[in-house]
Amino acid sequence: MDGSGSGAVSVAFKDVTKVYPGSEGPAVDSLDLDVGAGEICVLVGPSGCGKTTAMRMVNRTVEITSGDIEIDGTSVSRRTPSELRREIGYVIQQIGLFPHRTIAQNIATVPGLVGWERDRIDARVGELLELISLPAEVADRYPSQLSGGQQQRVGVARALAADPSVMLMDEPFGAIDPINRERLQNEFLRLQAEIKKTILFVTHDIDEAIKMGDRIAILREGGHLAQYATPAELLMDPADDFVEDFVGADRALKRLALMRVSDIDLWEAPLAHVGQATGEVRAKLEGAEVPHALLVDSDRRPIGWLSDSDLRQEVVPQRADSSPHPILDLQDVMRDALSDVLQAESQYAPVVDGDGRIAGVLSVEVIGDFLSSPDAKVEEHPAAERPLG
Amino acid sequence: MIPVLAQIEVREAGEGATTCQGKNDTFCFDYAIDNLGDYLGPTGEHLLLVVLSVVAGLLIALGLAVISHRRRWLVPVFVGSTGIIYTIPSIALFLLLLPITDRGIATAVIALALYNLQIVYRNSAVGLNNVPASAREAGRGMGMTDRQLLWKVEMPLAMPEIIAGVRIATVSTVAIATLAIFAGAGGLGEVIYTDGIQRDVFKTPIVMGSTICILMAIVLDAVLLVVQRVVSPWRRVRTI
């Protein structure tokens, strides 16, 4: 599809303040924020921090008190609100599909408002249903006939319909159960890799922020920007106690969600081949980082861990005493890898490359060392290729 | 119905003449059949009165509902004032309007339409108010103007409730319209009052007039039920 039809644009908050009539302090206080073209900027913070207000000033569903917001260098105040909004995708937590309109009609809302031809709208609806992986036959159903997750996908498709360059997403997955939320988040990241919109994404969930954001703006009560940084920077180097608190005591663990197994130095396992003299293997084990020998086939694919009794034989047997599982992939997300290792109640897990060949061994100890090293660098992954686990 | 049925006398088998002609205190089936053509005119008038006054009432009530939709403080004002009109005894209202609008169908339609306001307005206001806030927010956030939001989202969603109000209003108007005779507007009131009551309480036209009223109410209600279902297909789908 022609998802990047209108190129992504930047969004800039310039000293933006919002004071609601009758309230004491500002809801958003002198906010300066530059969102790069094609980036997901997550606005996160506790309730009452002004994150939704900040986002809604972009499409003028909330009017700015002072300061300005520029989209692609043009002030939003120079457009009439309804025109402006038709060029900005809008997804809300309650989804807000029109119950009396079919899925196709819902998706066609903005194209209809801006006066597209019937044929073009029909083609676009088909394209979007495919993009959000819904079968074409849902086009004629009503929203009440879809599950919550499907409805939210339709909400996203509807926001994308007229190919806006900017998307506003207000807790879009907040009302979805955890399992489906995870799936929708992953789908959306995959989608974003394709469509590359500039997205302002509001959430109160720091884990979601870390997962979805290219950059995260943490707001504190009263609408102050506490820190604006990449997820990795935020976890490595919180600006102050508030951010550190908000990111959570488990920020070391959260960093694991940003990494792949290939990002850390793996241990080398003593390898053994079928028919090899066990003496050789035993010699390798002396002083090895991993105190067990891994049996591999001729293509260096793991077969199993050799036990002491296996090694008491003359030559290495065809089968190993214990299974090699879990076998991890270099591309696995560290958090999931750790979880697999812990779940299998094993200390070591062979790591293989894309061809299934042994690349090293991951141990709980390696991860522990990594987390405790103060200068452990977290690799940056652009949203497009960030682990989707 | 039982006492009425008990009073029905029919011509005896094989006998050409009617036996109940001229008896006031029984329902004479033969008389009714023989004079069936006499009811067509009043029935047509009655139907016209009902349709005109329901349509007029609906338009005014919708107008009021749209006005008060974005000015919620007007809702109690409109509910109150249409409620006061509704409590005026109908005969009194017909007679009160006579000096202003004179005898005729206009007087009857005005009075009947005024009675419809309360029910239809209340249902319309509630229907518009019941539109999910999320649908409204999404519509506005996608760049619908207030007017587009009203006609593309709010009005269609409120339609089942509006028509539910119209159904109640229609049935009650069919009954009240029999009093249009006092405004000189004809209708089935003529059959019941002029033919029946004024002729020394002649039961046959009274029963016939009432029966036609009941049938008309049932048929109109059924028609509106179909309309209601046609304009709200999304309410009939199997939800998950």
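A quick yes/no check of all residues on (1) at pLDDT 80 or above; (2) within 15 Å of A:ILE358 (Cβ to Cβ); (3) not aliphatic (A, V, I, L, M):
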residue: A:ALA288; (1), (2), (3): no, yes, no
residue: A:GLY304; (1), (2), (3): yes, yes, yes
residue: A:ASP308; (1), (2), (3): no, no, yes
residue: A:GLN313; (1), (2), (3): no, no, yes
residue: A:ARG319; (1), (2), (3): no, no, yes
residue: A:ASP329; (1), (2), (3): yes, yes, yes
residue: A:ASP336; (1), (2), (3): yes, no, yes
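All of (1) touching a residue at least 24 places away in the same chain (Cβ under 8 Å); (2) in a helix (DSSP H, G or I) hold for A:SER77 with one exception: (1). From the list B:LEU49, B:LEU59, B:LEU64, the one residue that fits, being at pLDDT 90 or above, in the same structural domain as B:LEU157 (by TED's automatic domain parsing) and loosely packed, with under 15 Cβ neighbours inside 10 Å, is B:LEU59. All of A:GLU244, A:GLU208, A:GLU280 fail the test of being in the same structural domain as A:SER30 (by TED's automatic domain parsing), farther than 26 Å from A:GLY25 by Cβ and not hydrophobic (A, V, I, L, M, F, W, C), apart from A:GLU208. With the structure loaded, tell me whether B:THR204 is buried (at least 18 other Cβ atoms within 10 Å of the Cβ) and β-branched (Val, Ile, Thr) or whether it fails that test. Judged against the criteria, B:THR204 is a match. As for segment A:158-168, it holds at least one residue that is more than 9 Å from chain B (Cβ to nearest Cβ), crowded, with 16+ Cβ neighbours inside 10 Å, out of contact with any strand residue (DSSP E or B) (no Cβ under 7 Å at 6 or more places or on another chain) and at positive phi. Please indicate, with yes or no, whether at least one residue in segment B:193-200 is of a type in the set (Lys, Arg), closer than 30 Å to A:ILE107 by Cβ and at pLDDT below 95. No. Entry remark, segment A:97-110: residues being over 15 Å from A:LEU160 (Cα atoms) and either facing chain B (nearest Cβ under 7 Å) or surrounded by 23 or more Cβ atoms within 10 Å (Cβ to Cβ) (or both) number 3 in total.
Suppose the filter is of a type outside the set (A, V, I, L, M, F, W, C), away from chain B (no Cβ under 14 Å), farther than 21 Å from A:ILE92 by Cβ and surrounded by 18 or more Cβ atoms within 10 Å (Cβ to Cβ); does A:ARG120 pass it? No: the conditions fail for A:ARG120. Among the residues examined, B:THR178 qualifies as of a type in the set (Ser, Thr, Tyr), touching a residue at least 60 places away in the same chain (Cβ under 8 Å) and part of a helix (DSSP H, G or I).
The residue list A:LEU128, A:LEU113, A:LEU146 contains one member that is crowded, with 18+ Cβ neighbours inside 10 Å, in contact (Cβ under 8 Å) with a residue 12 or more places away in the chain, within 12 Å of chain B (Cβ to nearest Cβ) and over 22 Å from B:VAL237 (Cα atoms), which is A:LEU113. Criterion applied to A:LEU184, A:LEU225, A:LEU234 was being under 18 Å from A:VAL35 (Cα atoms), modelled with pLDDT under 90 and crowded, with 17+ Cβ neighbours inside 10 Å, and the one residue passing it is A:LEU234. Could you look through segment B:218-240, keep only residues that are buried (at least 18 other Cβ atoms within 10 Å of the Cβ) and more than 19 Å from A:ARG101 (Cβ to Cβ), and pick out the one that is nearest to the other protein chains (Cβ to nearest Cβ)? Checking each candidate, the answer is B:LEU224. Every condition in (1) in contact with a strand residue (DSSP E or B) (Cβ under 8 Å, 6 or more places away or on another chain); (2) part of a loop (DSSP other than H, G, I, E, B); (3) surrounded by 23 or more Cβ atoms within 10 Å (Cβ to Cβ); (4) within 12 Å of chain B (Cβ to nearest Cβ) is met by A:GLY89 except one, and the failing one is (2).
The values are calculated or read from the model by the stated rules, or taken from the named source; none is laboratory data. None of these values were measured; they are calculated from a predicted model. Cβ: placed from backbone, ideal geometry, glycine included. Neighbour counts: every protein chain shown.
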